[in-house]
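Chemist: The structure under discussion is supplied below as structure tokens; questions concerning it will follow.
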Amino acid sequence: MSLINLSNISKHYEMGTQVVKALDGIDIGVEQNEYLAFIGSSGSGKSTMLNILGCLDTPTSGQYRLNDKVVENLDQNALSEIRNQEIGFIFQSFNLLPRANALANVMQPLIYRSIGLKERKRRAMQSLERVGLADRVDHLPNQLSGGQRQRVAIARALVTQPSILLADEPTGNLDSKTTIEIMRLFDELHSEGQTLIIVTHEDEIAAHCQRIVEMKDGKIHSDSAVGLAKDSH
Amino acid sequence: MFFAMIESARSAFASILAHGLRSFLTTLGIVIGVASVIAVVSVTQGMSAFISDTFSSLGTNSLTIQSYTPFEDQMKGIRARLTPADLELIESRATGIASITPILAANRSSQIKYGSQTSFSQIMGTTYAFQDVAQTFTQRGRFLAATDNQTRRRIAVIGDKVRENLSLPEDPINEYVEIAGEWFKVVGLLEERGEIMGMNRDDMVLVPYATMVSLQGNQARIDIQIQLSLSESANVDEVSQQLTTLLRNAHGLSSEEDDDFRIQTAEQLMEEFDQIIGMVTMVIGGVVGISLLVGGIGIMNIMLVSVTERTREIGICKAVGAKRHHILMQFLIEAILLSLLGGVIGLALGFGMGTLISNTIPGFPPASIPLWSVGLALGFSGFVGVLFGILPAAKAANLDPIDALRYE
């Protein structure tokens with residue numbers, strides 16, 4: 001059984017009288033420990049794809065099974081729970097809580113699991129150590145560099161031990177040196193058995209992945225497996 | 001649920017502290033509202049407690065009968081009177097009376113002299129029964145006796161204030177004072193009773209009733225007061241009804257005419273005071289209610305701003321797994337905390353104000369805060385928090401995570 005299984009997923013938006021098909025009959029399966037990139041130009045539907053995969057949005061039609069759970073028709077609260085249990089988000093703009101320090105940011109998802117403060121701290125520390133930020137736990141996001149912020153965000157995504165890591169242009173706001181650092185971290189996570197799905201428009205990022213899915217006009221244009229990622233430097 | 005509440009309270013505190021000045025200004029409306037209600041309540045409650053104490057020391061089962069002339073009749077020169085005949089009638093006919101005494105106030109001059117000292121005082125002619133009726137006893141010497149009345153002795157029982165004003169010695173017994181050109185021997189000094197509402201109750205001189213009558217000369221025109229105390233079993237309303245019937249008959253009033261006298265009970269007076277205080281409290285309570293409403297709207301306004309401001313944060317929280325009730329709780333608790341904080345500050349401020357008022361105005365009873373008003377103030381401000389917090393909180397909870405994340 002696949003980890004992710006989409007069959008005939010469509011997402012339509014009504015813009016006045018026109019219906020925009022952001023996703024149009026998508027069928028795709030993702031296995032455990034895959035390292036997958038969605039690429040495509042803007043407007044191709046890859047962001048909508050990510051929202052639906054991440055249970056932030058629900059499809060207009062079609063079936064979505066995540067880890068054997070049917071999720072396409074769940075209400076907001078149930079979706080929140082799925083996101084909390086199964087999914088780790090990494091955003092282009094990091095999306096850290098500005099008034100909370102690194103540790104508090106990483107602890108945040110655990111609050112919604114009703115985990116006590118002590119245990120939350122322990123797990124968050126562990127996660128921050130994993131991304132190499134153990135010495136920055138007291139810093140507020142605006143006291144951290146872009147790369148460090150993204151590491152905090154990765155730590156926050158990892159702290160719940162999710163089934164999938166979903167990264168939306170994770171290096172879009174980073175310089176090339178930090179981009180390499182972050183991608184190396186992703187590679188490591190993958191080699192540890194993590195399932196990663198990255199949305200990007202940069203070929204160098206996609207080149208890290210083992211499978212590249214190109215989207216065009218709401219449809220899958222190509223889906224190709226590539227060799228093991230080679231270091232880009 | 002409990003866990004979520006604790007976490008929400010934690011983050012609400014952080015958020016209130018993060019916007020210190022804004023939080024303070026937001027809650028100012030509640031602070032002022034609660035402070036004024038507590039100040040007013042503490043002052044009026046202090047007053048009301050004091051009045052109750054005072055009246056119960058007067059004896060709640062005593063009645064006073066006074067003549068009463070409507071203002072219109074006064075203009076025509078008509079004066080209603082209570083006469084010694086009325087007193088005799090009541091003494092012989094009315095039931096349920098323990099003691100009864102006439103009081104005749106000095107009508108010419110209330111001037112009293114001792115040596116070179118001159119003073120003005122409330123000079124009353126009364127009988128030995130006055131001490132039972134008015135609960136007034138001597139600390140030195142003796143009270144008026146029945147025989148003093150019969151023999152129209154020129155003696156006086158004085159209050160402590162009078163002794164002080166006239167520079168009489170500590171023990172004024174057997175000293176002579178001059179009232180209306182006659183010499184009176186001081187036979188008793190009354191116990192000190194303090195003030196009620198700025199009226200000194202130690203500033204009085206009691207002389208035998210018959211002596212006072214003789215001093216006034218024209219006996220046909222005297223207008224007395226009658227004070228009486230009821231026996232244990234008697235009912236105030238029944239007795240006053242009975243007295244009304246007796247006096248109306250005696251004064252020959254037809255059924256259309258109004259009473260030309262007034263029967264007052266201490267209880268009645270107390271109730272009137274209580275009514276006035278209750279009304280003042282209610283009117284101010286209404287004003288304060290409005291100010292709390294305005295304060296609540298202020299809180300709602302800021303909470304709505306805060307929700308908009310934190311839209312992205314809400315989106316982030318939802319993305320990492322916050323459910324509707326997590327967000328709802330966070331904003332609701334923040335609103336409640338804000339207004340409760342205002343309530344507590346207002347409580348302290350109000351008590352301070354009440355104490356200040358009662359301390360600066362001389363003779364004012366000390367402020368007291370009843371527990372119910374503390375509960376009411378906090379309960380009401382908490383309620384305001386819930387009432388005006390629920391809308392912004394619901395707005396936050398219902399945000400769509402994708403829209404919220406995209407919000408710039």
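Every residue, every condition in (1) touching a Phe, Trp or Tyr at 6+ places or on another chain (Cβ under 9 Å); (2) in a strand (DSSP E or B), yes or no:
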site	(1), (2)
A:H12	no, yes
A:A22	yes, yes
A:Y64	no, yes
A:I82	no, no
A:V106	no, no
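Chemist: Being open to solvent by less than 60 Å² (accessible area, probe 1.4 Å) and of a type in the set (F, W, Y) is the filter; apply it to segment B:110-137 and report the residue that is farthest from the chain's Cα centre (by Cα).
Modeler: Once the filter is applied, the top-ranked residue is B:Y114.
Chemist: Show the residue pairs meeting these rules: Cβ distance below 8 Å; 6+ apart or different chains; first residue within segment A:203-223 and more than 19 Å from A:K11 (Cβ to Cβ); second residue among the acidic types (D, E) and outside any strand (DSSP E or B).
Modeler: That search, which allows pairs on different chains as well, returns A:H208/A:D187; A:Q210/A:E34; A:R211/A:E34.
Chemist: Among the residues of segment A:95-105, which ones are facing another protein chain (nearest Cβ under 7 Å) and farther than 21 Å from A:V199 by Cβ? Break it down into steps so the answer makes sense when it comes.
Modeler: From segment A:95-105, those facing another protein chain (nearest Cβ under 7 Å) are A:95, A:97, A:99; that's our starting set.
Within segment A:95-105, A:L97, A:R99 qualify.
Chemist: Name the single residue that is modelled with the lowest pLDDT among those in segment B:368-408 being over 34 Å from the mean Cα position of the chain (by Cα) and among the aromatic types (F, W, Y).
Modeler: Residue satisfying both the conditions and the ranking: B:Y407.
Chemist: Please specify each residue of segment A:153-168 satisfying the condition of being within 19 Å of A:I39 (Cα to Cα) and open to solvent by less than 20 Å² (accessible area, probe 1.4 Å).
Modeler: Residues of segment A:153-168 that are within 19 Å of A:I39 (Cα to Cα), as a first pass: A:164-168.
Within segment A:153-168, A:I164, A:L165, A:L166, A:A167 qualify.
Chemist: Identify the single condition in (1) on the phi > 0 side of the Ramachandran plot; (2) touching a Lys or Arg at 6+ places or on another chain (Cβ under 9 Å) that A:S114 does not satisfy, given that it satisfies every other one.
Modeler: Here A:S114 meets the rest and fails (2).
Chemist: When B:T64 is evaluated against the numbered criteria (1) within 14 Å of chain A (Cβ to nearest Cβ); (2) outside any helix (DSSP H, G or I); (3) of a type in the set (V, I, T), which criterion, by number, is the only one it fails?
Modeler: Checking B:T64 against (1) within 14 Å of chain A (Cβ to nearest Cβ); (2) outside any helix (DSSP H, G or I); (3) of a type in the set (V, I, T), the one that fails is (1).
Chemist: Taking A:Q150 and the conditions (1) assigned to a loop (DSSP other than H, G, I, E, B); (2) of a type outside the set (A, V, I, L, M); (3) in contact with a strand residue (DSSP E or B) (Cβ under 8 Å, 6 or more places away or on another chain), which numbered condition does it fall short on, given that it satisfies the others?
Modeler: (1)
Chemist: Please verify whether segment A:136-147 includes one or more residues that are open to solvent by 20 Å² or more (accessible area, probe 1.4 Å) and facing chain B (nearest Cβ under 10 Å).
Modeler: No - not one qualifying residue is present in segment A:136-147.
Chemist: If I ask for residues that are within 14 Å of chain A (Cβ to nearest Cβ), part of a helix (DSSP H, G or I) and open to solvent by 40 Å² or more (accessible area, probe 1.4 Å), which ones from segment B:358-408 would you list?
Modeler: Here is the first cut: in segment B:358-408, the residues within 14 Å of chain A (Cβ to nearest Cβ) are B:394, B:396-408.
Then keep just the ones that are part of a helix (DSSP H, G or I); that gives B:394, B:396-397, B:401-406.
Scanning segment B:358-408 gives B:D403, B:R406.
Residues checked against (1) farther than 28 Å from B:E271 by Cα; (2) open to solvent by 20 Å² or more (accessible area, probe 1.4 Å); (3) out of contact with any Asp or Glu (no Cβ under 6 Å at 6 or more places or on another chain); (4) at pLDDT 85 or above:
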residue	(1), (2), (3), (4)
B:T60	no, yes, no, no
B:T64	no, yes, yes, yes
B:F71	no, yes, yes, no
B:T83	yes, yes, yes, yes
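For every residue, the table says whether it meets (1) among the charged types (D, E, K, R); (2) in contact (Cβ under 8 Å) with a residue 24 or more places away in the chain; (3) within 24 Å of B:F120 (Cα to Cα).
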{"site": "B:N165", "(1), (2), (3)": "no, yes, yes"}
{"site": "B:E182", "(1), (2), (3)": "yes, yes, yes"}
{"site": "B:Y209", "(1), (2), (3)": "no, yes, yes"}
{"site": "B:V213", "(1), (2), (3)": "no, yes, yes"}
{"site": "B:R221", "(1), (2), (3)": "yes, yes, yes"}
{"site": "B:E238", "(1), (2), (3)": "yes, yes, no"}
{"site": "B:T245", "(1), (2), (3)": "no, no, no"}
{"site": "B:L253", "(1), (2), (3)": "no, no, no"}
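Chemist: Further question: Testing B:D258 on (1) outside any loop (DSSP other than H, G, I, E, B); (2) touching a residue at least 60 places away in the same chain (Cβ under 8 Å), one condition comes back false. Which one is that?
Modeler: Of the numbered conditions (1) outside any loop (DSSP other than H, G, I, E, B); (2) touching a residue at least 60 places away in the same chain (Cβ under 8 Å), the odd one out for B:D258 is (1).
Chemist: Yes or no: segment A:158-176 includes at least one residue that is within 14 Å of another protein chain (Cβ to nearest Cβ), part of a helix (DSSP H, G or I) and not aliphatic (A, V, I, L, M).
Modeler: Filtering segment A:158-176 down to residues within 14 Å of another protein chain (Cβ to nearest Cβ) leaves A:158-169.
Then keep just the ones that are part of a helix (DSSP H, G or I); that gives A:158.
Narrowing further to those that are not aliphatic (A, V, I, L, M): none.
Taking every residue of segment A:158-176 in turn, none turns out to be within 14 Å of another protein chain (Cβ to nearest Cβ), part of a helix (DSSP H, G or I) and not aliphatic (A, V, I, L, M).
Chemist: Then there's this: Would segment A:175-187 turn up any residue that is under 26 Å from A:L97 (Cα atoms), open to solvent by 40 Å² or more (accessible area, probe 1.4 Å) and among the small types (G, A, S)?
Modeler: Yes, segment A:175-187 contains at least one residue that is under 26 Å from A:L97 (Cα atoms), open to solvent by 40 Å² or more (accessible area, probe 1.4 Å) and among the small types (G, A, S).
Chemist: Being more than 10 Å from every other protein chain (Cβ to nearest Cβ), within 22 Å of A:I198 (Cα to Cα) and open to solvent by 20 Å² or more (accessible area, probe 1.4 Å) narrows it down to one residue among A:Q85, A:Q150, A:Q126, A:Q92; which is it?
Modeler: Numbers: A:Q85 fails: more than 10 Å from every other protein chain (Cβ to nearest Cβ); A:Q150 fails: open to solvent by 20 Å² or more (accessible area, probe 1.4 Å); A:Q126 fails: within 22 Å of A:I198 (Cα to Cα).
Being more than 10 Å from every other protein chain (Cβ to nearest Cβ), within 22 Å of A:I198 (Cα to Cα) and open to solvent by 20 Å² or more (accessible area, probe 1.4 Å) holds for just one of A:Q85, A:Q150, A:Q126, A:Q92, which is A:Q92.
Chemist: Give the residues of segment A:106-119 that are open to solvent by less than 60 Å² (accessible area, probe 1.4 Å) and either under 22 Å from the mean Cα position of the chain (by Cα) or more than 14 Å from chain B (Cβ to nearest Cβ) (or both), sorted by residue number.
Modeler: A:V106, A:M107, A:Q108, A:P109, A:L110, A:I111, A:Y112
Chemist: In addition: Considering each of B:I38, B:I16, B:I32, B:I90 in turn, give the residue that is in a helix (DSSP H, G or I), open to solvent by 40 Å² or more (accessible area, probe 1.4 Å) and of a type outside the set (G, A, S). Give the steps one after another, and end with the answer.
Modeler: Working: B:I38 fails: open to solvent by 40 Å² or more (accessible area, probe 1.4 Å); B:I16 fails: open to solvent by 40 Å² or more (accessible area, probe 1.4 Å); B:I90 fails: open to solvent by 40 Å² or more (accessible area, probe 1.4 Å).
None of the others qualify; the one that does is B:I32.
Chemist: Then there's this: Can you name the residue in segment A:24-48 that is of a type in the set (D, E, K, R) and in a strand (DSSP E or B) and, of all such residues, is least open to solvent (accessible area, probe 1.4 Å)?
Modeler: Filtering segment A:24-48 down to residues of a type in the set (D, E, K, R) leaves A:24, A:27, A:31, A:34, A:46.
Still in the running and in a strand (DSSP E or B): A:24, A:27.
Values: A:D24: 42, A:D27: 95 Å².
So, considering only residues that are of a type in the set (D, E, K, R) and in a strand (DSSP E or B), the one least open to solvent (accessible area, probe 1.4 Å) is A:D24.
Chemist: When you scan segment A:49-82, how many residues do you find that are without any contact (Cβ under 8 Å) to a residue 60 or more places away in the chain, open to solvent by 10 Å² or more (accessible area, probe 1.4 Å) and either among the polar types (S, T, N, Q) or within 14 Å of chain B (Cβ to nearest Cβ) (or both)?
Modeler: 15
So that you can scan it fast, the table gives a plain yes or no per residue for (1) under 21 Å from B:V374 (Cα atoms); (2) more than 14 Å from every other protein chain (Cβ to nearest Cβ); (3) modelled with pLDDT of 90 or more:
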{"position": "B:T311", "(1), (2), (3)": "no, no, yes"}
{"position": "B:A322", "(1), (2), (3)": "no, no, yes"}
{"position": "B:L328", "(1), (2), (3)": "no, no, yes"}
{"position": "B:L332", "(1), (2), (3)": "no, yes, yes"}
{"position": "B:L338", "(1), (2), (3)": "yes, yes, no"}
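The values are calculated or read from the model by the stated rules, or taken from the named source; none is laboratory data. Remember, it's a predicted structure, so these values are computed and weren't measured experimentally. Ideal geometry is used to build each Cβ from the backbone, glycine not excepted, and the neighbour counts take in all protein chains shown. Note: areas computed on protein heavy atoms with side chains; ligands, DNA, RNA excluded. Shrake-Rupley method; radii C 1.70, N 1.55, O 1.52, S 1.80 Å.
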